[in-house]
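Q: I am attaching a structure below and will ask some questions about it afterwards.
The numbers here are math on the coordinates, done by the rules we state, and not lab data. Please read these numbers as outputs of a predicted model, since none were measured by experiment. Note: ideal-geometry Cβ built from the backbone for every residue, glycine included; neighbour counts use all protein chains shown.
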Amino acid sequence: MSHAAPATVACIKWGTLFGPEYVNRLYSGVRRNLSRPVRFLCMTETAEGLHPDIEILDLPVEPFAEPMAEALKVANRQGAMRKVSLFKPRLIADLEGPVLGFDLDVVITGALDPLLDLAPGHIVMRHDWTEARKGRPTGHGSVFRYDPAVHGFLYDDIAARPYEEVETARGSEQRYTSHKAMENSVFTYIPEDWVVSFKYDCNPFPSNFLHAARLPESAKVVCFHGRPKMPEAIDGYRGSLIRFARPTPWLQEHWVDRTRADLGDAWG
C-alpha cells in the first residue's frame, strides 16, 4: 500500500464547544486506523493548539450565509449547517478522490479503509438511529464520505436556493445531505455495525446500570451524539437516569492513551 494515494479526511471546528484536543485525537485515530497515508484537514477560524501536520482550511462566510441563517431561525437551528462549506468543489487544492468527513464528537476504534472504499462514486452515511426507528430514510451526519468533484450539487443547490433548501431540510444538515444524495441516486448506507452510537449501541438503557459500556466488535467509529460526550463517558456519567454510564476504560484507551502514544503528551 506504500504507493497508495493519500486518504483525504476533513472535519470542521467552529466556536468553543470543542477544544483543539478533539481535532488532534480524531487525527490520531484516523491515521492509526488507515493503511494509506493521510491528508487531514480542519476547517476552523482558529488553528491554535492543533497538531502541525493538520492542514487548515479557513472557515468561510458563505455568500448565501444570510438567507440560510434566516431559514435556520425559522427552523430554530441557529448556527447549524456550517458543514456545507466543506462540500464546495475545488475548496481542497490538489484533491484526488473522495473526502471522508467526521464530526468531532466521534472516536475511531477500528479500520477505516472499508469506509473509504465502500460504494465508489456514492455519498455514504449511516442510517440515523432515531429516523430509522421512525421509518424515515435520513442519514446520520457524524460520518460522511463524498467527492466534491462528483457531488457538486451538495454545495451548488444550497448556494442557489439557500432559504428553500434549508426550509425543505427543516434546518437539518444531515437531512439535506442524505436526501440530496438520494434524489441524485448516489446514496449508500454505511453498515450499521461499523458506525455505532455510544448511548444506543454501547450503553443502552437499562443494561447501563448493570455493566460498563461495551465496545461492539465490528465498530470502526463510536458516535457521542447528545450526552454523554467522551470526557463524561470516560469518568462515568450521572447526568441522566436513561444515559447513566459507568466509567469506560476502553474509551480512555482509544481516545486519549493511544493518541498520546502516537502524537506525544503535548497533543493528546
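Q: Which lysines, if any, have their Cα less than 25 Å from the Cα of Lys13, not counting same-chain residues under 8 positions apart?
A: Cross-link targets: Lys73, Lys83, Lys88, Lys180, Lys199, Lys220, Lys229.
Q: If you put +1 on each Lys and Arg Cβ and -1 on each Asp and Glu Cβ, how big is the dipole of the chain around its Cα centre, in Debye rounded to 20?
A: 800
Q: Could you give me the percent of Cα pairs per 5 Å distance bin for the chain, shortest bin first, beginning at zero and ending with the bin that holds the maximum distance?
A: Spelled out bin by bin, the chain gives 1, 6, 12, 16, 19, 18, 14, 8, 4, 1, 0 percent.
Q: For the residue pair Asp53 and Asn184, what label-to-label distance in nm results when each label sits 7 Å from Cα along the Cα-to-beta-carbon direction?
A: 3.2
Q: May I ask you to derive the relative contact order of the chain, considering only C-alpha pairs under 8 Å and at least 6 residues apart, and to give it as an integer percent?
A: Relative contact order comes out at 20 percent.
Q: In percent, what relative contact order does segment 196-267 have, based on Cα pairs under 8 Å that are 6 or more apart in sequence?
A: For segment 196-267, the relative contact order is 29 percent.
Q: Roughly what would the spin-label model give for Ala119 and Leu17, points 7 Å off Cα along C-beta, in nm?
A: Using points 7 Å along Cα→Cβ, the separation is 2.5 nm.
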